[in-house]
Every structure is written in C-alpha cells, then in structure tokens.
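Scroll down for the structure; my scribbles are underneath it.
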Amino acid sequence: MGDQWMQFVAAGLTSGAIYTLVALGFSIVHNASHAINFAQGEFVMIGGMAAVSLVAAGLPLAAAVLLAVAVAAVVGLIVEKVAIEPAQKTGRADVVTLIIITIGVALFLRGLAQVLWDKRVHVLPAFSGADPIAVFGATVMPQSLWVLGGTALAVVALGWFFSRTLYGKAMRATAFNPLAAKLMGIDTRGVMRVSFALAAALGALGGVLTAPITFTSYDVGVMLGLKGFAAAMLGGLGSFGGAVAGGLMLGLLESLGAGFVSSAYKDAIAFVVILGVLFFMPGGLVGARRSERV
Amino acid sequence: MPAAANVSERASPPSARSAPASSGWGRRLATARTGGLGALALVLVALPLAFPNNYFFEVAILVALNAIVCVGLNLLIGYAGQISLGHAGFYALGAYGSAILAARWGWPVWTSGPVAVAAVGVLAWLVGRPTLRLKGHYLAMATLGLGVIVSIVLSNEDRLTGGPDGMAVPPLVLFGRVVQGEPLWYTIVGLGLWLTVWFALNLIDSPIGRALRALHGSEVAAETVGIDSAKWKLRVFVQSALIAATAGALTAHYAGFITPAKASFLHSVELVIMVVFGGMASIWGAVVGAAVLTLLPQFLTVLKDYEMMAFGAVLIVTMVFFPRGIVPTLQRLLARSRR
C-alpha cells in the first residue's frame with residue numbers, strides 16, 4: 001500500500017513538473033499582455049519534436065536539447081513579432097481578440113508540425129539510461145529525476161531572474177502597471193517579446209524533458225496546454241509560486257485519482273478540481289486578494 | 001453622419017452608440033431592425049432556389065445550425081463581454097440528452113428535446129452562478145473545464161452514449177410523421193435561425209441589452225446606477241446555453257448520429273472563433289462568421305495536409321487586420337465611404 005502511494009506520488013510529481021513549466025509560461029505571457037496564450041502547449045510540442053529531429057540528424061543529446069529549447073524561444077519571438085505585436089499596435093485588439101489570435105497561432109503551428117514532421121508518435125532516447133531506480137520504495141525512471149531536476153533548476157533560475165536582475169524587475173513592473181513602467185523608460189514592447197520567448201523556452205524545456213517518457217507527436221500540446229492553463233488558474237494566474245504549487249498539485253491529484261479512483265477519468269480530474277476551486281476559492285490557491293481600483 | 005448612421009447603428013461597439021433619444025430615432029431603428037430581419041427572411045427563402053442538389057442543403061443546414069449557436073454565444077461574448085470556451089459542451093449535452101432520452105428510454109422526441117434543453121439550462125445556471133461573479137479569465141476556465149469534463153464523460157459512459165464511436169439518434173416525429181429530407185429540415189432550421197436572430201435583436205435593444213452593454217463598458221459604473229451585473233450576466237449566459245443546447249438537439253435528430261467530437265474543446269473554440277471572426281457585438285456578424293467559417297473548411301480541404309495551417313493563418317491575418325471582426329469593420333468602411 002505504502003509503496004503504491006509512493007509510486008503514484010512519484011508519477012504525479014513528474015507530470016506535475018511539466019504542468020508547472022507550462023503554467024509558468026501562461027503566467028509570464030499573461031503578466032505581459034493580460035491575454036491567455038493558447039499556443040503555450042504547442043511550444044511543448046515544438047521542443048519535443050525538434051529535439052527528436054536534431055538527435056536523428058546526429059547531434060549529441062545535450063546539444064539537441066539546448067538547441068530545441070532555443071528553437072522554441074525563437075518561434076515564440078516570431079509569434080510575438082508577427083501575430084501579437086501588429087494586433088496590439090492597432091490598439092483595438094481586446095483580450096478576446098488576442099486569445100483568438102493565439103488559437104490561430106496554435107492551429108498554424110500544429111499544422112506546420114504535421115507537414116514538417118508527420119502524424120506519428122516519436123520518442124527521444126532517455127538522458128541517462130532506462131534502468132529504473134528505487135527511491136523511497138517507489139520505482140522511478142531516471143528520466144523522472146531529470147524532469148524534476150530540470151524543472152527545479154528552471155524555477156530557481158526564474159526566481160533569481162525576476163527578483164535579482166534589472167530586466168526581470170522591469171518585467172515585473174510592466175506586469176504591475178504597463179503605463180507607469182513605460183513612463184519610467186521601460187521598453188514594454190521588448191518585455192512582451194522576452195515574455196513570449198521565455199514562455200516558449202519553458203514550454204519547450206518541458207517538452208524535451210518528457211519526450212523520453214510520454215513520447216511526442218504533433219498534437220501533444222493540446223491537452224498539455226489546457227492542463228497547464230488549469231494549473232496556472234489553480235495557483236492564481238500571474239503568480240509564480242502559484243504556478244509551481246498549482247502544477248505540482250494537479251499532477252499529484254491526477255496521479256492519485258487515476259490510481260485510486262478511476263483511470264478512465266484521469267484527464268477529467270484536473271478540471272473537476274479547478275471547477276471546485278473556482279466555486280469555493282475564487283482567485284486561486286495563492287492568488288492575492290486585491291481590491292480593484294476604479 | 002445622417003445617412004451612414006442607419007447602417008453603422010446595428011453593429012457599432014456599445015460605447016460608440018448614441019442613445020435613441022427622439023421618436024424619429026426610434027422609428028429609424030425599428031426600420032433598420034425589421035429591414036434586416038426581412039432581408040434575412042428573403043435570403044433564407046431565396047437560397048434553396050439556387051441549390052442544385054442535396055449537398056448544398058446539407059451545408060446550408062450546417063451553416064444555419066452554427067449560426068443559431070453563434071448568435072446566442074455572441075450575446076454573451078459580444079454584449080456581456082464574457083468568454084465561454086465550453087459552449088460545445090452545452091451543445092453536445094442538448095444533443096446527447098435528447099438522443100439518450102429518446103433512444104434508451106423511448107421518450108417521444110418532442111418531449112425529450114425540450115427536457116434535455118431545460119436540463120442544460122439548469123446546469124448552465126449552476127455553473128454560471130458562482131463563476132460569473134468573478135472577474136477576468138475565470139469564466140473562460142470554468143466553461144473550458146466543464147466542456148472538457150462533458151466530452152470525457154460522453155466518451156467514457158459508453159453504455160449510455162455509445163462511447164467514442166457515437167450513437168444513433170431516433171428521428172424527430174411531429175404530428176405522427178417522421179421529419180426527414182433536407183428541404184424540410186432546411187425549413188425548420190431556417191425558421192429557427194430567423195427566430196433566434198429576432199429574439200437576439202429584440203433582446204439587445206431591450207433594458208436587458210442596455211444593461212449588458214453598460215456592464216461591458218464598465219462594470220463598476222453600471223453597478224453604481226443600479227444594474228445587478230452578476231444577475232444579467234448569468235441570465236444571458238443561461239440563455240446562450242439554452243440556444244446552444246437547442247441547436248445541438250436539432251443537429252442530433254437531423255443527422256441521426258452523434259459523436260463526442262461535438263463536445264470537444266476544438267468545437268467550443270470553433271464556435272468562439274465564428275463569433276469573433278464575424279464581429280463581436282454584432283448579431284449579423286455572428287451569422288456571417290458562422291457562414292464563412294463553416295464554408296471555409298469545405299474549400300480548404302483541397303489543401304489536404306496544409307488545411308490546418310491555412311485555417312490558422314486565415315484566423316491570424318483576419319484578427320490582426322480586422323480586430324473587431326468582419327462585419328463591424330466593413331460597416332465602418334461603408335459608413336466612411338458614404339460620408
């Protein structure tokens with residue numbers, strides 16, 4: 001029984017780590033633009049698929065991983081430049097319009113992937129072998145440790161970036177009040193671009209880390225995107241601690257729910273939880289109770 | 001802008017709209033509305049004359065059913081300013097509810113349909129009540145979640161729903177006769193669309209419509225003049241869900257077969273896209289958006305593998321250059337050229 005628990009916890013933390021990375025992407029883009037970027041899941045797909053292709057092209061695994069994340073970041077930058085920036089320049093695009101544009105981007109990227117690669121499922125070799133390790137009574141694949149470690153590293157680096165660097169502070173200032181930030185000389189356009197690139201890189205990191213476990217295909221981003229959104233909302237959209245807490249919690253609940261309640265409804269658990277939270281704890285788990293300025 | 005006012009009136013954004021102060025204004029508004037309804041009736045009646053075969057009827061029925069959902073959804077998105085990413089869930093529940101009552105328990109369709117639609121209305125009320133009090137993207141999240149749950153339940157409960165493969169739906173029987181054949185269904189669905197548009201046009205020019213536009217502009221300002229924003233938002237949310245469920249039930253009994261794909265997130269997104277593409281806060285925009293985006297895939301199929309890419313690109317380009325949607329933008333251009 002105890003072993004089974006540990007097994008589910010390990011699996012839950014692994015998938016929770018990915019939801020965390022996707023949720024962080026949602027929060028970063030939301031802070032910069034107040035829009036929900038429904039192409040966030042597609043960045044996960046691009047990361048995984050690009051890494052698979054680069055390895056197939058003969059690159060060493062480490063180089064392929066880094067390059068895949070970089071590719072996704074560039075795609076994020078292009079998306080902002082080509083689709084989001086022109087829409088915002090006209091000044092008449094409201095949040096709903098921006099959401100539709102990101103959905104258009106998601107469809108475009110998914111279609112592109114389908115043409116560029118194919119509709120088959122691909123797999124990336126595990127980073128350090130496939131021999132399971134026993135940890136606290138649970139049998140864990142080494143790749144799970146890579147996922148957890150990589151996510152932890154990304155979260156710490158992000159925390160340092162937002163609290164210690166000038167640019168990170170500029171991004172937080174822009175999130176808090178774009179107009180005031182602009183008046184203080186912050187290049188808010190640049191912040192938008194960096195936000196998209198950063199969100200894309202985080203998503204791609206998630207995609208690369210999990211590609212050896214869950215495999216990857218052109219449409220892998222759809223469900224991951226939705227669950228990442230749920231995780232971000234669970235923690236309180238825009239909050240970084242919230243994204244981490246929401247992601248891990250969602251992963252754990254999903255894994256335990258699938259194990260002990262019903263595996264057929266595994267994908268529904270995240271959404272049942274989010275509905276419950278929205279009904280009883282509006283604002284998310286860590287969402288700040290702030291009063292609205294009129 | 002005397003001559004142009006008539007045209008731009010219907011779909012201009014809430015803020016740009018002037019109040020119909022004098023009785024002359026009121027009369028002109030009335031003609032704009034009845035004129036539009038008359039034109040729609042004319043188009044609906046005249047279209048079949050140009051249809052060479054049943055395939056055109058099928059596509060037209062599909063367009064009209066989508067347009068019905070979109071007109072309802074636009075009340076929520078365009079006028080109340082709330083986004084729903086789960087309307088396919090309501091649509092599919094209307095379809096499956098009526099189908100299950102009729103097929104598994106032998107209810108006559110003229111009772112199973114209304115009961116299913118009413119049940120969807122209750123569900124929408126239960127979900128909308130807590131979430132519509134929240135600000136921001138919460139309704140989007142709640143409706144998205146509901147939609148995904150509905151689609152998973154429909155796929156999993158295969159004893160009732162037939163699972164991912166879908167289920168056969170008994171036909172609609174009215175006055176002892178089976179309703180079948182594309183022309184007859186076209187008549188029913190066309191009438192349904194006309195009634196929905198009529199209802200929506202009346203609603204937005206009623207006190208409810210004015211309240212909705214006010215709270216879209218500024219919720220705080222609307223509340224200070226005594227508008228119970230949560231109440232009106234909830235009401236229009238439930239109404240749009242009822243409309244979606246009705247269209248769903250009609251689709252099920254027309255097609256004779258349904259699959260859980262009708263409840264998918266993608267279908268919800270398609271519905272929202274139709275509304276925004278055609279024009280938010282424009283009843284005619286919703287109709288045009290539904291027509292264009294139902295027809296577009298029929299043409300894009302020639303692109304085969306590139307279809308999804310092309311659809312995405314069309315979406316991006318349209319929304320970047322016509323952020324308010326096709327119909328309002330064209331109306332503004334028309335108004336400007338007349339000036």
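Within the range A:163-195, the only residue that satisfies the criterion of being modelled with pLDDT of 90 or more and of a type in the set (Phe, Trp, Tyr) is A:TYR167.
The condition (being away from chain B (no Cβ under 12 Å) and either more than 23 Å from A:ALA231 (Cα to Cα) or out of contact with any helix residue (DSSP H, G or I) (no Cβ under 6 Å at 6 or more places or on another chain) (or both)) is satisfied by just one residue among A:VAL52, A:VAL79, A:VAL69: A:VAL52. The residues on offer are B:ARG33, B:ARG27, and the sole one that is of a type in the set (Lys, Arg), modelled with pLDDT under 80 and in contact with a helix residue (DSSP H, G or I) (Cβ under 9 Å, 6 or more places away or on another chain) is B:ARG33.
Here's the yes/no breakdown for (1) facing another protein chain (nearest Cβ under 8 Å); (2) part of a helix (DSSP H, G or I):
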residue: A:MET223; (1), (2): no, yes
residue: A:GLY241; (1), (2): no, yes
residue: A:VAL244; (1), (2): no, yes
residue: A:SER255; (1), (2): no, yes
residue: A:GLY259; (1), (2): no, yes
residue: A:SER263; (1), (2): no, no
residue: A:PHE271; (1), (2): yes, yes
residue: A:LEU275; (1), (2): yes, yes
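Please indicate, with yes or no, whether at least one residue in the range A:174-181 is closer than 24 Å to A:ALA68 by Cβ and either assigned to a helix (DSSP H, G or I) or under 14 Å from the mean Cα position of the chain (by Cα) (or both). No, the range A:174-181 contains no residue that is closer than 24 Å to A:ALA68 by Cβ and either assigned to a helix (DSSP H, G or I) or under 14 Å from the mean Cα position of the chain (by Cα) (or both).
To keep it simple, each residue is scored yes or no on (1) over 15 Å from A:VAL82 (Cα atoms); (2) in contact with a Phe, Trp or Tyr (Cβ under 7 Å, 6 or more places away or on another chain); (3) free of Cβ contacts under 8 Å to residues at least 60 places away in the same chain.
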site: A:ASP94; (1), (2), (3): yes, no, yes
site: A:ILE101; (1), (2), (3): no, no, yes
site: A:ALA106; (1), (2), (3): no, yes, no
site: A:VAL115; (1), (2), (3): yes, yes, yes
site: A:VAL123; (1), (2), (3): yes, yes, no
site: A:GLY129; (1), (2), (3): yes, no, yes
site: A:GLY137; (1), (2), (3): yes, no, no
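Scanning the range B:165-193 for residues that are part of a helix (DSSP H, G or I) and surrounded by 13 or more Cβ atoms within 10 Å (Cβ to Cβ) yields a count of 11. The single residue among B:ALA119, B:ALA124, B:ALA102 that is more than 14 Å from every other protein chain (Cβ to nearest Cβ), of a type in the set (A, V, I, L, M, F, W, C) and either at positive phi or surrounded by 24 or more Cβ atoms within 10 Å (Cβ to Cβ) (or both) turns out to be B:ALA102.
For the range A:139-149, taking the residues that are without any contact (Cβ under 8 Å) to a residue 60 or more places away in the chain and under 18 Å from A:TYR19 (Cβ atoms), the one that is surrounded by the most Cβ atoms within 10 Å (Cβ to Cβ) is identified as A:LEU145.
Within the range B:133-152, the set of residues being surrounded by fewer than 22 Cβ atoms within 10 Å (Cβ to Cβ) and either within 18 Å of the chain's Cα centre (by Cα) or modelled with pLDDT under 90 (or both) comprises B:ARG133, B:LEU134, B:LYS135, B:GLY136, B:TYR138.
Filtered by the rule that a residue be closer than 24 Å to B:SER84 by Cα, of a type in the set (Lys, Arg) and surrounded by fewer than 21 Cβ atoms within 10 Å (Cβ to Cβ), the range A:73-112 gives a lone residue, A:ARG92.
Every listed requirement among (1) in contact with a Ser or Thr (Cβ under 9 Å, 6 or more places away or on another chain); (2) more than 23 Å from A:VAL75 (Cα to Cα); (3) crowded, with 19+ Cβ neighbours inside 10 Å is met by A:MET192 save one, (2).
Just one of the numbered conditions (1) surrounded by 16 or more Cβ atoms within 10 Å (Cβ to Cβ); (2) closer than 22 Å to B:LEU62 by Cβ is not true of B:SER155: (2). Each residue in the range A:104-136 was checked for being of a type in the set (Asp, Glu) and within 14 Å of chain B (Cβ to nearest Cβ), and 1 of them qualify. Please state which of the following conditions B:THR161 fails to meet, knowing it meets all the rest: (1) away from every other protein chain (no Cβ under 11 Å); (2) surrounded by fewer than 21 Cβ atoms within 10 Å (Cβ to Cβ). Of (1) away from every other protein chain (no Cβ under 11 Å); (2) surrounded by fewer than 21 Cβ atoms within 10 Å (Cβ to Cβ), only one is false for B:THR161: (2).
Put simply, of B:ARG210, B:ARG235 the only residue that is without any contact (Cβ under 8 Å) to a residue 12 or more places away in the chain, assigned to a helix (DSSP H, G or I) and out of contact with any His (no Cβ under 6 Å at 6 or more places or on another chain) is B:ARG210. So is B:THR196 more than 10 Å from chain A (Cβ to nearest Cβ), over 25 Å from B:ALA67 (Cα atoms) and surrounded by 16 or more Cβ atoms within 10 Å (Cβ to Cβ) or not? Taking the combined requirement at face value, the residue does not satisfy it. Screening the candidates B:VAL327, B:VAL292, B:VAL269, B:VAL287 for the property of being facing chain A (nearest Cβ under 10 Å), assigned to a helix (DSSP H, G or I) and among the aliphatic types (A, V, I, L, M) yields one hit, B:VAL269. Of A:GLY111, A:GLY76, all but one fail to be without any contact (Cβ under 8 Å) to a residue 60 or more places away in the chain and either among the hydrophobic types (A, V, I, L, M, F, W, C) or on the phi < 0 side of the Ramachandran plot (or both); the exception is A:GLY111.
Taking first residues from the range A:40-51 that are closer than 10 Å to A:SER217 by Cα and partners that are basic (Lys, Arg) and assigned to a helix (DSSP H, G or I), the Cβ contacts under 8 Å between residues at least 6 apart in sequence or on separate chains come to A:MET45/A:ARG110.
The values are calculated or read from the model by the stated rules, or taken from the named source; none is laboratory data. Every value quoted in this text rests on a predicted model; they were computed, and no experiment measured them. Please note: Cβ atoms are built from the backbone with ideal geometry, for glycine as well, and neighbour counts cover all protein chains shown.
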